[in-house]
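The structure under discussion appears below in the form of C-alpha cells.
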Amino acid sequence: TLNAQPTPHHVLELDANESYVELPANLLEGVSNELTVEGWIRWQRLGEWARFFDFGPERLSLAVAQFYDTANISAVIHHPLGVQELRVSNVLTTNQWYHIACTISEAGTRLYINGVLAGAERFIPSFDQFRAGPHRLGRSYARATQEGHRQIDEFRVWSVARTEEQIRQAMWE
C-alpha cells in the first residue's frame, strides 16, 4: 500500500464509551446501484468491534470495520439470508492513518486501503435494504459498547463507484 497521511483537519475523536455520529437520514438519497464510502481512519487501539461506518438497520446493513482484536479490516453486508464479508487480513496497526474506501457496483464490492485495491468480492447488496438508515460513523446498528478508540477525518460518500485512480487522486483533496 502507499504510505499515506491525511491533510490536517478537524478530526472526529471516537472513544470506546459509546461515542458515534448519527448521519443524516437522507444520506443515501439518489443512490441507485453504485456507492463509494471513503475516509481517513486511525485506530488508537484495536477493539472487539471498531467500526468505521455502519449503514442500515439490524441484519440489513453495510459496514466497514475492524473486528475481533485483530489487524484485519472487513466490508460486511448483512442481509436476510446471512452475512457476506470481504476481509483483508493483517493490514492494520495502531496509531497510523489509513485511507479506507469501499465501493459497490455491478462488478461487486471492493475495498481500497491507501488508494490501492486490497480486496474484491462479487457480492452486491440491495441498496434498498440500507438506504433508509440509520447511518452511523463509529457504531454498529446494534450497539456502541466495546468499540475501539479511533479517529476519523475527511469522510465522503459518493453515489458512484469510484475507480482506484479516482480514489487515489482525491485522497489529498
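The values are calculated or read from the model by the stated rules, or taken from the named source; none is laboratory data. What you see is a predicted model, and the numbers here were worked out from it, not measured in a lab. Virtual Cβ from ideal backbone geometry, glycine too; neighbours counted across all protein chains shown. Each accessible area value is taken on the protein alone, full model and side chains, heavy atoms only, with ligands, DNA and RNA left out. Shrake-Rupley method; radii C 1.70, N 1.55, O 1.52, S 1.80 Å.
General observations
- In the range 61-84, residue farthest from ARG150 (Cα to Cα) [restricted to those that are of a type in the set (A, V, I, L, M) and surrounded by fewer than 19 Cβ atoms within 10 Å (Cβ to Cβ)]: LEU81
- Residue within the range 85-99 that is basic (Lys, Arg) and either closer than 20 Å to GLU154 by Cβ or not in a strand (DSSP E or B) (or both) present: no
- Checking GLU121 against (1) more than 20 Å from MET171 (Cα to Cα); (2) surrounded by fewer than 22 Cβ atoms within 10 Å (Cβ to Cβ); (3) in contact with a Phe, Trp or Tyr (Cβ under 9 Å, 6 or more places away or on another chain); (4) modelled with pLDDT of 85 or more, the condition it does not meet: (3)
- Residues (at positive phi and without any contact (Cβ under 8 Å) to a residue 60 or more places away in the chain) located in the range 92-118: ASN95, GLY108
- Complete set of residues in the range 41-60 that are within 24 Å of GLY108 (Cβ to Cβ), open to solvent by less than 10 Å² (accessible area, probe 1.4 Å) and assigned to a strand (DSSP E or B): ILE41, PHE52, PHE53, ASP54, PHE55
- Residue in the range 31-53 that is among the hydroxyl-bearing types (Ser, Thr, Tyr) and either without any contact (Cβ under 8 Å) to a residue 60 or more places away in the chain or more than 24 Å from THR163 (Cβ to Cβ) (or both) present: no
- Selection status of PHE130, in contact (Cβ under 8 Å) with a residue 12 or more places away in the chain and out of contact with any Phe, Trp or Tyr (no Cβ under 6 Å at 6 or more places or on another chain): no
- Per the conditions (1) modelled with pLDDT under 90; (2) open to solvent by 10 Å² or more (accessible area, probe 1.4 Å); (3) assigned to a strand (DSSP E or B), the sole criterion not satisfied by ALA142 is (3).
- Residue match in the range 161-173 (condition: assigned to a loop (DSSP other than H, G, I, E, B), without any contact (Cβ under 8 Å) to a residue 40 or more places away in the chain and small (Gly, Ala, Ser)): no
- So VAL91, is it closer than 13 Å to LEU46 by Cβ and touching a strand residue (DSSP E or B) at 6+ places or on another chain (Cβ under 8 Å): yes
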